[in-house]
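Scroll down for the structure; my scribbles are underneath it.
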Amino acid sequence: MRHVRHLAGRIGTRVRAHRGERRAALYVASRFRRLGYRTKIRTFPVDGATSRNVVAWWPGASRYPVVVGAHMDTVPGAPGANDNASGVAVLLETARLVAGKRQARFLRLVAFGSEEYGANGAHHVGSQSFVARLGPRGRRKLAGMLSIDMVADGRPLLVGSFGIGPRALGRLAYRRVRAAGIKARYTTLCDCSDNGPFERAGIPAGFMYSGPEPNYHSPSDTPRNLVPRDLVRSGRAAKAFVKALRRDLVRRLRRH
Ligand SMILES: [Zn+2]
């Protein structure tokens, strides 16, 4: 909740390539670094201005990582507590829980910019830029991707994929969440979060999500309207997935 209050309260609206998104990127990068992760801020152009992804990895990380990501940006006028400070908070807390542990080596943690962008056929620009930048070799090395987006709004947790790319990761995440005793439903959704570009590139990718909800893209998407109990649940779900990461499993994912 401290991360949510900082992002959606102190910083507030974080529109692509604007000051709020930049402040969020600097905040997220500093949190990763404080935990012992290496970080890079990758810039990319949007609307003739500069947007950012924050990429973090543990020193000595595996060459075949799984990306766990959440977008930092908001639509104009929305403080974006649930959409998506909740996902970024889960990302940072997951990073804290596995820092220095075996699982950290299998992770590439990414806070995406410019997810909320729907002009000229472009969508999820930060994650698209991340996937494009990998190149064919980098894409082949990536074992999978999980997007955490809108996960603390009083609704049941949905886990799955968009059904565009290999479904192995969405299924694996769902099984792990259920095995940890967390209530969740497996589903196939619209192409509406940062796992989309990964799925389109043939990478096993999936999501954790619990929207839509009444405060979606509205000024009322505030920390007060968040359900802390659900944030904890989603944090536990992400932890269950990440804890399962082992070399053989990552290798199996890559074969899909
Ligand atoms: Zn979102």
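Evaluated over the Cα positions of region 142-256, the convex hull gives a direction-averaged projected area, one quarter of its surface, of 6.9 nm². Computed from the C-alpha gyration tensor, the three semi-axes of the ellipsoid equivalent to region 162-203 are 21, 11, 7 Å, from longest to shortest. What translational D, rounded to a whole number of µm²/s, comes out for region 70-116 from Stokes-Einstein when the hydrodynamic radius is the Kirkwood one over Cα pairs, at 4 °C and 1.567 mPa s? It diffuses with D of about 113 µm²/s by this estimate.
In a solvent-free Debye calculation with one equal scatterer on each Cα, what is log10 I(q)/I(0) for region 73-184 at q = 0.13, 0.19 Å⁻¹, listed in the order of the q values? The calculated log intensity ratios at q = 0.13, 0.19 Å⁻¹ are -0.61, -1.36. The label point for residue 19 and the one for residue 247, both projected 7 Å from the Cα toward the Cβ, are 5.0 nm apart. For region 2-254, with all protein chains present and a 1.4 Å probe, just round the carbon and sulfur fraction of the accessible area to a whole percent. Carbon and sulfur atoms account for 48 percent of the accessible area of region 2-254.
Restricting the calculation to alpha carbons of region 1-144 gives Rg and Dmax of 14.5, 43 angstrom. For region 124-157, the residues whose backbone nitrogen is under 12 Å from a point 7 Å from the Cα of residue 187, taken along Cα to Cβ, are 155-157. Shown in residue order for region 56-73 are the 3J(HN,Hα) couplings computed by the Karplus curve 6.51 cos²θ - 1.76 cosθ + 1.60 at θ = phi - 60°: 10, 8, 7, x, x, 5, 4, 6, 10, x, 9, 7, 10, x, 8, 8, 8, 7 Hz (x for Gly and Pro). In terms of Cα atoms, the Rg and Dmax of region 2-254 work out to 16.1, 47 Å.
Return the lysines within reach of residue 101: Cα separation strictly under 24 angstrom, same-chain partners fewer than 8 residues apart disregarded; answer none if there are no such residues. Qualifying lysines at Cα under 24 Å: 40, 141, 239, 243. Accessible area per residue for the chain is 43 Å², calculated with a 1.4 Å probe on protein heavy atoms, without ligands, DNA or RNA.
The values are calculated or read from the model by the stated rules, or taken from the named source; none is laboratory data. Bear in mind that the values here come from a model prediction, so they are computed numbers and not experimental data. Here Cβ is always computed from backbone atoms with ideal geometry, including for glycine, and neighbour counts include all displayed protein chains. Heads up: the accessible areas ignore ligands, DNA and RNA and are worked out on the full protein's heavy atoms, side chains in. Shrake-Rupley method; radii C 1.70, N 1.55, O 1.52, S 1.80 Å.
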